[in-house]
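Taking it in order: structure first as structure tokens, then the write-up.
The numbers here are math on the coordinates, done by the rules we state, and not lab data. What you see is a predicted model, and the numbers here were worked out from it, not measured in a lab. A quick note on method: Cβ atoms are made from the backbone with ideal geometry, for glycine too, and the neighbour counts reach across all protein chains shown.
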Amino acid sequence: MQQKISTILVAVALLLFSVSLSSGEQLSPELCKSKAIAAAKLLGAEGDAGLAKLKDANGEYRFAEGKGYIWVHNLDGDMVMHPIKPSLDGKGLLDMRDVKGTYLFVAMNEIVEDHGQGWVPYAWPKPGEEKSSPKVSYVVLAKHGDKEYVAGAGMYDVTADDIKKQFPGDKVYED
């Protein structure tokens with residue numbers, strides 16, 4: 001009888017484990033947008049104190065099984081916090097361009113200064129690759145006291161046309 005109960009408990013545990021794996025969030029433009037908006041609200045409420053929550057590898061701002069994350073830069077073009085590449089923290093980014101010549105962080109700052117939030121399409125190499133792939137990021141301006149932050153999240157293999165179809169009312173950066 002005890003062996004039968006053990007077998008049943010193991011089966012139930014395996015079932016629960018497989019359900020938890022399959023219920024994970026999938027990286028999507030909707031998820032990037034909602035996480036960037038939530039991060040901006042957190043920064044607006046907590047300022048620098050919220051950065052630890054955004055950086056937490058096990059927190060809600062690392063999503064889609066670790067494929068998604070929030071970074072924060074400021075309107076001066078300095079990286080405030082990057083959870084994947086902390087070597088960027090404190091670095092100026094305004095000169096960073098993609099293969100098409102788009103100044104990524106200039107574009108991100110322009111869209112948040114003009115509209116408060118929006119999408120910025122660009123081309124960037126996927127981790128471990130040299131060739132650039134289409135990428136789009138959603139960025140949101142947040143203010144706390146006298147500080148301004150830009151919270152963003154992005155994903156590969158999505159184009160400006162994809163975003164315009166999916167979010168016809170959203171602002172999309174165009175050169």
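Fewest to most neighbouring Cβ within 10 Å: what's the order for ILE163, ILE37, ILE70, ILE111? Mind showing how you got there, number by number?
On the way: ILE163 21, ILE37 16, ILE70 29, ILE111 24.
In order of increasing Cβ crowding within 10 Å: ILE37, ILE163, ILE111, ILE70.
Quick check for you: which residues of region 124-148 have the amide N under 18 Å from the point 7 Å beyond the Cα of GLU25 toward its beta carbon?
Under 18 Å, as judged by backbone N against the label point of GLU25, lie 136-141 of region 124-148.
Just to be sure I understand the rule: take each whole DSSP H helix in the chain, project its Cα atoms onto its long axis, keep it if the span is 18 Å or more and its mean Kyte-Doolittle hydropathy is at least -0.5. Which ones pass?
Passing helices, by number: 2-22, 29-46.
With 10 angstrom as the radius, rank LEU104, LEU27, LEU43, LEU75 by how many other C-beta atoms surround their C-beta, starting from the fewest.
Final ranking by Cβ density, sparse to dense: LEU75, LEU27, LEU104, LEU43.
Under the Karplus relation 6.51 cos²θ - 1.76 cosθ + 1.60, θ = phi - 60°, what is the ordered set of whole-Hz ³J(HN,Hα) values for region 57-63, x standing for Gly and Pro?
4, 10, x, 6, 9, 10, 9
Any idea how far the Cα center of region 49-101 sits from the one of region 103-155, in Å?
10
Using DSSP to define loop residues, name the trypsin sites (Lys or Arg not before Pro) in region 78-148 whose beta-carbon has at most 14 other beta-carbon atoms within 10 Å.
In loop regions of region 78-148 (DSSP not H, G, I, E or B), the sparsely surrounded trypsin sites (Lys or Arg not before Pro) are LYS91, LYS100, LYS131.
Sticking with the crude label model, points 7 Å out along Cα→Cβ, report the distance from ALA160 to SER132 in nm, one decimal please.
In this crude label model, ALA160 to SER132 measures out at 1.3 nm.
So which aspartates and glutamates can LYS91 reach, going by Cα to Cα under 14 Å and dropping same-chain residues fewer than 8 places off?
By straight Cα distance, LYS91 reaches ASP76, ASP78.
State, to one decimal in nm, how far the label point of ALA123 lies from the label point of LYS143, with both points 7 Å from Cα in the Cβ direction.
Distance between label points: 3.7 nm.
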